[in-house]
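Peer 1: First the structure, which I've put down as structure tokens, then a few questions once you've had a look.
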Amino acid sequence: EPEVTQTPSHQVTQMGQEVILRCVPISNHLYFYWYRQILGQKVEFLVSFYNNEISEKSEIFDDQFSVERPDGSNFTLKIRSTKLEDSAMYFCATSGLADNEQFFGPGTRLTVL
Amino acid sequence: GESVGLHLPTLSVQEGDNSIINCAYSNSASDYFIWYKQESGKGPQFIIDIRSNMDKRQGQRVTVLLNKTVKHLSLQIAATQPGDSAVYFCAERYSSASKIIFGSGTRLSIRP
């Protein structure tokens, strides 16, 4: 069964450093999403991406965040200058059509020290 | 704004019994209501969804009920098994928007 993969599984970084989280979507999927989940809390939407541009973003997704598809296969989330409160699980999700099921990856645990 | 919430943070059921997980919502404009299962260390996994113009939908061992009068959503799991142990999230989605809005989760544990 096709699945979304994410790397790394765990990223530890110092406050102020840049991090890039990577996702490999399911082949032929066209809609891409990032969500985050702070420990013990609910999953929160960050951004959606389609046709090489952002479709929608939440208030969390400020100027420190960016997304791109650098090579047509990977989908990345960059945090320019990490803060302590960025520590969370970050999930990538992809779907084939806008209203179809979103398939979630296993997540990247980001720890900012 | 955010409108999906859960009644209880934890639920413990006997193996083999049926489980019922409840959820309340406040935004009547949502077009889809969805249930996700999240096992430890994994991402959310789609279980079942229901459109707002329906009141019941069945899947394999699961049934989702939607009561629009009282804005209530429930997930019923038949013959609960140890593998059903997880956190269950209700969520909503607007047909014209792409994001999913998650509720806060109910942890289901199974007693042997």
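Peer 1: Which residue pairs have Cβ atoms under 8 Å apart, sit 6 or more places apart or on different chains, and have a first residue in region A:81-107 that is in contact (Cβ under 8 Å) with a residue 12 or more places away in the chain and away from chain B (no Cβ under 13 Å) and a second that is of a type in the set (Ser, Thr, Tyr) and open to solvent by less than 20 Å² (accessible area, probe 1.4 Å)?
Peer 2: Note: pairs meeting the criteria are A:Thr82/A:Thr13.
Peer 1: Go through (1) open to solvent by 10 Å² or more (accessible area, probe 1.4 Å); (2) within 14 Å of chain A (Cβ to nearest Cβ) for B:Cys90 and report which single condition fails.
Peer 2: B:Cys90 satisfies every listed condition except (1).
Peer 1: What strands (runs of 3 or more DSSP E), lying completely within region A:31-113, carry at least 2 residues that are at negative phi and open to solvent by 70 Å² or more (accessible area, probe 1.4 Å)?
Peer 2: Details: elements: A:31-37, A:43-50, A:53-57, A:65-68, A:75-79, A:88-95, A:108-112.
Once the strands (runs of 3 or more DSSP E) in region A:31-113 are filtered for at least 2 residues that are at negative phi and open to solvent by 70 Å² or more (accessible area, probe 1.4 Å), what remains is A:53-57.
Peer 1: Between residues in region A:18-43 that are more than 12 Å from every other protein chain (Cβ to nearest Cβ) and residues that are in a loop (DSSP other than H, G, I, E, B) and open to solvent by less than 30 Å² (accessible area, probe 1.4 Å), which pairs lie under 8 Å by C-beta distance while being six or more apart or on different chains?
Peer 2: Hits for this filter: A:Glu18/A:Thr82; A:Val19/A:Thr82; A:Val24/A:Val4; A:Pro25/A:Val4; A:Ile26/A:Val4; A:Ile26/A:Gly96; A:Asn28/A:Gly96; A:His29/A:Gly96.
Peer 1: Mind telling me which of the residues B:Ile110, B:Ile50, B:Ile20 ends up being open to solvent by less than 20 Å² (accessible area, probe 1.4 Å) and not charged (D, E, K, R)? It would help to see each step written out before you state the result.
Peer 2: On the way: B:Ile110 fails: open to solvent by less than 20 Å² (accessible area, probe 1.4 Å); B:Ile20 fails: open to solvent by less than 20 Å² (accessible area, probe 1.4 Å).
Exactly one residue qualifies, and that residue is B:Ile50.
Peer 1: Within region B:69-87, can you find the residues that are in contact with an Asp or Glu (Cβ under 7 Å, 6 or more places away or on another chain) and within 14 Å of chain A (Cβ to nearest Cβ)? Before the answer, list the steps.
Peer 2: As a first pass, look at region B:69-87 and keep what is in contact with an Asp or Glu (Cβ under 7 Å, 6 or more places away or on another chain): B:77, B:80-82, B:86.
The one that is in contact with an Asp or Glu (Cβ under 7 Å, 6 or more places away or on another chain) and within 14 Å of chain A (Cβ to nearest Cβ): B:Ala86.
Peer 1: Here is a follow-up. What are the residue pairs meeting all of these: first residue in region B:41-60, first residue without any contact (Cβ under 8 Å) to a residue 60 or more places away in the chain, second residue in a loop (DSSP other than H, G, I, E, B), Cβ atoms under 6 Å, and 6 or more apart or on different chains?
Peer 2: Close Cβ pairs satisfying both conditions: B:Lys42/A:Pro106; B:Gly43/A:Gly105; B:Gly43/A:Pro106; B:Gly43/A:Gly107; B:Phe46/A:Glu101; B:Ile48/B:Gly59; B:Ser52/B:Asp31.
The values are calculated or read from the model by the stated rules, or taken from the named source; none is laboratory data. Values in this document were obtained by computation on a predicted structure and should not be read as measured data. Note: ideal-geometry Cβ built from the backbone for every residue, glycine included; neighbour counts use all protein chains shown. We work out accessible area using only protein heavy atoms, side chains counted, and drop any ligands, DNA or RNA first. Shrake-Rupley method; radii C 1.70, N 1.55, O 1.52, S 1.80 Å.
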